[in-house]
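Here you go, one structure.
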Amino acid sequence: MDKDNILKISVVMCTYNGAHYLQEQLDSILAQSYPIYEIIIQDDCSTDETYAVLEKYAAQYPVIKIYHNETGLHGINGNFFSAMLRAQGDYIAISDQDDLWEKDKLKLQAEAIGDHLLCSAFSIPFSTTGYPVKIDKRVPNTHLIRNTYICELPGHSMLFRREILDYIQGGEVLPLYYDWQIMNAAAAAESIVFLNKELVHFRRHADAATASVPVDNNILSNGAWHYVSLSLFHHRELQKQVRRRFATVLPFLEKLPFDTVSRKEAIYMSELQLQHGPVVFLKKVLFFLKHSRQLFHAEVHNPVIRMLRAGFFVFSCGYYYRGLIKQKIK
């Protein structure tokens, strides 16, 4: 390996009551075939043996630097952002406390990222406890328009240039997950590369911070009638959630420094989502039809189906936030 071309990669992990699986993940990181500049681990006031495990590994491996929050729980966003700002490498690789990495994860991503801001790859869910998992091997859509609605690339799959933090950290705590902010900054710059390889094994278990029973977003397998009826009959409630989301998304996009077509289109769409009236409704329909290839999780190859779904997206864009009003849905 050419030492002059080795990227300075800081692996950043946040922990909270993760002692049960933590050692396996640390071992998979330390076994990487690519040299790691440093491993930053920040614990958010764990009450189990997590910090004792970290101290043991830090004493054995000088590359590991551990920190402990002393002022109460910071939460996922607060913990990750403060941990990432400690990183001294030019690149940051995010790690969860309970996953497993393929041995060549960092090597393949370092080779692929080139001049891009961010590189991601498949993370495949698994469970050793019987927790339900759903595997989707369709290549995800990384366009900014899609990802303003829902983040397609989980943080634990990312290798990104540290400079992204300069674009999204303005001293404000946004109600948008840290990985959403990172990905959408890179998407706004049109600077994402996706590797069609399985590099992370994403452990699912009931104690995980992001634990949720997987939802099948395939319309037909979920039931087309449920999808259509919920989107239509609860349109008003769902649109309140859409407007609430884009009231935060729009200022985030406006502050980004990238003069790209994607960012301009996403800003225009965000403005439409905050407006009312029949003329605005028609403008949204036309926008979604024009950008039909940029709306959905994966490529819809049938052009008729794609255009029908795009035309209906003016209603169904709120479907992603149905859980926020589930108490009203029968």
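Just need a number here: residues in region 24-65 that are assigned to a loop (DSSP other than H, G, I, E, B) and in contact with a Lys or Arg (Cβ under 8 Å, 6 or more places away or on another chain).
Qualifying residue count for the region: 5.
Looking only at residues in region 35-93 that are of a type in the set (S, T, N, Q) and surrounded by fewer than 17 Cβ atoms within 10 Å (Cβ to Cβ), which one is nearest to the chain's Cα centre (by Cα)?
SER82
Continuing with the same structure: Counting only residues that are in contact with an Asp or Glu (Cβ under 6 Å, 6 or more places away or on another chain) and at pLDDT 95 or above, how many does region 274-330 have?
Of the residues in region 274-330, 0 are in contact with an Asp or Glu (Cβ under 6 Å, 6 or more places away or on another chain) and at pLDDT 95 or above.
Filter region 8-34 down to the residues that are under 23 Å from TYR91 (Cβ atoms), surrounded by fewer than 21 Cβ atoms within 10 Å (Cβ to Cβ), touching a residue at least 12 places away in the same chain (Cβ under 8 Å) and not aromatic (Phe, Trp, Tyr) and list them by number.
Hits for region 8-34 are LYS8, SER28, LEU30, ALA31, GLN32, SER33.
Every residue, every condition in (1) within 24 Å of the chain's Cα centre (by Cα); (2) within 30 Å of ILE164 (Cβ to Cβ); (3) among the basic types (Lys, Arg); (4) not assigned by TED's automatic domain parsing to the domain that holds TYR149, yes or no:
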position	(1), (2), (3), (4)
HIS235	no, no, no, yes
LEU238	yes, no, no, yes
PRO251	yes, yes, no, yes
LYS264	yes, yes, yes, yes
HIS276	no, no, no, yes
HIS291	yes, yes, no, yes
VAL304	no, no, no, yes
GLY318	yes, yes, no, yes
TYR321	yes, yes, no, yes
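All but one of (1) aliphatic (A, V, I, L, M); (2) more than 17 Å from ALA19 (Cβ to Cβ); (3) in contact with a strand residue (DSSP E or B) (Cβ under 9 Å, 6 or more places away or on another chain) hold for ILE66; which doesn't?
(2)
Please tell me if ALA266 is without any contact (Cβ under 8 Å) to a residue 40 or more places away in the chain and touching a Ser or Thr at 6+ places or on another chain (Cβ under 6 Å).
no
Among the residues of region 85-92, is there at least one that is in a helix (DSSP H, G or I) and touching a residue at least 40 places away in the same chain (Cβ under 8 Å)?
No, region 85-92 contains no residue that is in a helix (DSSP H, G or I) and touching a residue at least 40 places away in the same chain (Cβ under 8 Å).
Go through region 194-250 and give me each residue that's among the hydrophobic types (A, V, I, L, M, F, W, C), surrounded by 14 or more Cβ atoms within 10 Å (Cβ to Cβ), touching a helix residue (DSSP H, G or I) at 6+ places or on another chain (Cβ under 7 Å) and modelled with pLDDT of 80 or more.
Matches in region 194-250: LEU195, LEU199, VAL200, PHE202, LEU230, LEU238, VAL242, PHE246, VAL249, LEU250.
Another question about this same structure. Sort out which residues of region 228-250 are touching a Lys or Arg at 6+ places or on another chain (Cβ under 8 Å) and part of a helix (DSSP H, G or I), and write them in order of number.
LEU230, GLU237, LEU238
Go through (1) in contact (Cβ under 8 Å) with a residue 40 or more places away in the chain; (2) closer than 26 Å to ALA188 by Cβ for LYS283 and report which single condition fails.
The failed condition is (1).
The values are calculated or read from the model by the stated rules, or taken from the named source; none is laboratory data. These figures come from a predicted structure and were not determined experimentally. With ideal geometry, Cβ positions are generated from the backbone for all residues, glycine too; neighbour counts draw on all protein chains shown.
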